[in-house]
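The values are calculated or read from the model by the stated rules, or taken from the named source; none is laboratory data. What you see is a predicted model, and the numbers here were worked out from it, not measured in a lab. All Cβ positions, glycine included, derive from the backbone under ideal geometry; neighbour counts span all protein chains shown.
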Amino acid sequence: MKKQQRVFLWAGLALAMPFGSANANLLVNGNLEMPALADRSWQVIGAIPGWTTSFGPGIEIQNQVAGTSFDGVQHVELDSNANSGMKQTVATVPGIPYLLSFAYSPRPGRPATDNGIEVYFNGVLVKSVTADGTGLPDTKWTKYSVAVTPATNNSVVEFRAVGTSTSFGGYVDDIILEARR
Ligand SMILES: [Ca+2]
Ligand SMILES: [Ca+2]
């Protein structure tokens, strides 16, 4: 009897999962909480769970050192030791609409010319953002969403720092790619 109940439970999970995952975040570590750094520290790292460096010196993870994260205690500053980029390859279904969303903040104290970021989907520029951080006592997050439709079974999501390369620049957090149906 118990064994039979377990079989039903697993069958139920197997049925539920494809529907349950339809609107789930397809990206690994979109919240940028991994690797978990020590409180009030930062590191420039070549690769973190889910993401690799696409150009420049590496991915700068910040943990509560220069502004509050949008979610959790960590985010990425894309201008790390210099303008840099990070990318993740994700399985997608061609022809299906997806929504790519993320939170952006200028680095407090830096001008818009220093805070630019670009978002690419499969090598195509889909969003450019910058904002003026001068006079801000803390981060000022804004959520952005972009509709994308993959043409291939694997898609590349990439974030790049643009503007003046100073080691200070725009922040990203809470990056989500989800199917829209
Ligand atoms: Ca986060
Ligand atoms: Ca910069």
Any residue in segment 115-138 that's in contact (Cβ under 8 Å) with a residue 60 or more places away in the chain: show its pairings with residues that are surrounded by fewer than 17 Cβ atoms within 10 Å (Cβ to Cβ) at Cβ separation under 6 Å, as long as the two are six or more apart or on different chains. Asp138/Thr68
Scan of segment 17-48 for residues that are modelled with pLDDT under 95 and either among the aromatic types (Phe, Trp, Tyr) or within 16 Å of ligand 2 (Cβ to nearest atom) (or both), ordered by number: Phe19
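Yes/no per residue for (1) in a strand (DSSP E or B); (2) over 18 Å from Asp71 (Cβ atoms); (3) within 16 Å of ligand 2 (Cβ to nearest atom):
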site	(1), (2), (3)
Val90	yes, yes, no
Val93	no, yes, no
Ala103	yes, no, no
Asp132	no, yes, yes
Tyr144	yes, no, no
Glu158	yes, yes, no
Ser165	no, yes, yes
Val172	yes, no, yes
Arg181	no, yes, no
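Confirm whether Ser41 is among the small types (Gly, Ala, Ser) and either free of Cβ contacts under 8 Å to residues at least 12 places away in the same chain or closer than 20 Å to Tyr144 by Cβ (or both). Break it down into steps so the answer makes sense when it comes.
Working: among the small types (Gly, Ala, Ser): yes; either free of Cβ contacts under 8 Å to residues at least 12 places away in the same chain or closer than 20 Å to Tyr144 by Cβ (or both): no.
No, not satisfied.
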Report yes if some residue within segment 90-111 is free of Cβ contacts under 8 Å to residues at least 24 places away in the same chain, out of contact with any Lys or Arg (no Cβ under 7 Å at 6 or more places or on another chain), more than 16 Å from ligand 1 (Cβ to nearest atom) and farther than 21 Å from Thr52 by Cα; otherwise report no. yes
Would you check if there is a residue in segment 56-77 being among the hydrophobic types (A, V, I, L, M, F, W, C), out of contact with any Phe, Trp or Tyr (no Cβ under 6 Å at 6 or more places or on another chain) and part of a loop (DSSP other than H, G, I, E, B)? yes
So which residues in segment 55-65 are within 14 Å of ligand 1 (Cβ to nearest atom) and not charged (D, E, K, R), if there are any at all? Ile59, Ile61, Gln62, Asn63, Gln64, Val65
Filtering segment 104-126 for residues that are buried (at least 23 other Cβ atoms within 10 Å of the Cβ) and of a type in the set (Ser, Thr, Tyr) leaves a count of 2
Kindly provide the set of residues from segment 127-146 that are over 16 Å from Asp79 (Cα atoms) and either within 14 Å of the chain's Cα centre (by Cα) or loosely packed, with under 12 Cβ neighbours inside 10 Å (or both), ordered by number. Lys127, Gly135, Pro137, Asp138, Trp141, Thr142, Lys143, Tyr144, Ser145, Val146
Any hit, segment 67-88, residues being touching a residue at least 40 places away in the same chain (Cβ under 8 Å), within 15 Å of Gly30 (Cβ to Cβ) and away from ligand 1 (no atom under 16 Å from the Cβ): yes
Can you tell which of Ser128, Ser101 is within 19 Å of Asn25 (Cβ to Cβ) and of a type in the set (S, T, N, Q)? Ser101
When (1) surrounded by fewer than 16 Cβ atoms within 10 Å (Cβ to Cβ); (2) out of contact with any Gly (no Cβ under 8 Å at 6 or more places or on another chain) are applied to Asn81, the one that fails is (2)
